[in-house]
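The structure appears below as structure tokens.
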Amino acid sequence: MEKIPMTVAGYNRLQEELRHLKTVERPAVIKAIAEAREHGDLSENAEYHAARERQSFIEGRVLELEDRISRAEVIDVAKLSGSAIKFGATVTVADEDTDEESVFQIVGQDESNIKNGFLSITSPLARALIGKTVGDNVEVATPGGSKSYAVVAVTYR
């Protein structure tokens, strides 16, 4: 069973989503199915079919979350340090063509959100950055061609 690295915040978000699905969404959809059954003929009852479809989605998501939580390898970034880039690092990189700087935190796949500065550990850029230190250069293959970045800063917070 392969472990899934994630930060404490990412783990807590998954736990909260699972709790919400089990305590709010699941009971609501069960009630909706019961109400739709009362309307009679189930074969032509759109409300019933929609509620059953929603129930199927919720149950699938619950199973997916339980699997991810059971395989989670929670890493407390606040306890990490060092100069080399590893999971949880907040990295400042400069595009060598434009000198434009970007700041990313390397996080688990479920936590990634590039618009908010969270870069998935499985992304090509994160994989290229792992093990590098300030002053190192990395070459990353992108759909638009190869890009070069210089590591400007590495912090753990």
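The slack between ALA84 and ILE30, meaning 0.36 nm per residue of separation minus the straight C-alpha distance, is 14.4 nm. The phi-based Karplus calculation (6.51 cos²θ - 1.76 cosθ + 1.60; θ = phi - 60°) puts the 3J(HN,Hα) values of segment 30-42 at 5, 5, 5, 5, 4, 5, 5, 4, 5, 7, x, 3, 6 Hz, whole numbers, x for Gly and Pro. Treating each Cα of the chain as one equal point scatterer and applying the Debye formula with no solvent, the log10 of I(q)/I(0) at q = 0.15, 0.16, 0.17, 0.21 Å⁻¹ comes out as -0.82, -0.88, -0.95, -1.23.
Applying 1/(1 + (r/R0)^6) with R0 = 22 Å to the Cβ-Cβ distance of SER56 and MET1, what FRET efficiency is obtained, to the nearest 0.05?
0.30
Do you know the relative contact order of the chain, to the nearest whole percent, from alpha carbon pairs under 8 angstrom that are 6+ apart?
Over the chain, the number comes to 24 percent.
Calculated [222 nm] ellipticity per residue, helices only, for the chain: -11500 deg cm²/dmol; basis is -39500 (n - 2.57) per DSSP H run with n ≥ 4, divided by all residues, nearest 500.
For the chain, a crude dipole built from +1 on the beta carbon of Lys and Arg and -1 on the beta carbon of Asp and Glu, taken about the Cα centre, is about 580 debye to the nearest 20. Arranged from fewest to most other beta-carbon atoms within 10 Å of their beta carbon, MET1, MET6 become MET1, MET6. Considering only ALA141, ALA72, ALA128, the mean-square fluctuation computed in a Gaussian network model of the chain, springs between alpha carbons under 10 angstrom, is largest for ALA141. Dipole size of segment 4-75 about its Cα centre, with +1 on Lys/Arg Cβ and -1 on Asp/Glu Cβ: approximately 300 debye, rounded to the nearest 20. Say the dipole of segment 1-146 comes from +1 at the beta carbon of Lys and Arg and -1 at that of Asp and Glu; which of VAL107, LEU18, VAL140 then lies farthest toward its positive end? Positive-end residue among those listed: LEU18.
Each of GLU59, GLU2, GLU16 was scored by other Cβ atoms within 10 Å of its Cβ. Listed from fewest to most, they are GLU2, GLU16, GLU59.
Treating r as the C-beta distance of GLU44 and GLU17 and R0 as 35 Å, the FRET efficiency rounds to 0.55.
Between ASP97 and ASN137, the simple label model (points 7 Å from Cα in the Cβ direction) yields a spacing of 1.5 nm. Each residue in THR142, THR92 was given a count of other beta-carbon atoms within 10 angstrom of its own, and listing them fewest first yields THR142, THR92.
Bear in mind that the values in this text are calculations on the coordinates, not laboratory data. Note that the structure is a prediction, hence the values are computed from the model and not measured. In this analysis, Cβ positions are derived from the backbone assuming ideal geometry, glycine residues included, and neighbour counts consider all displayed protein chains.
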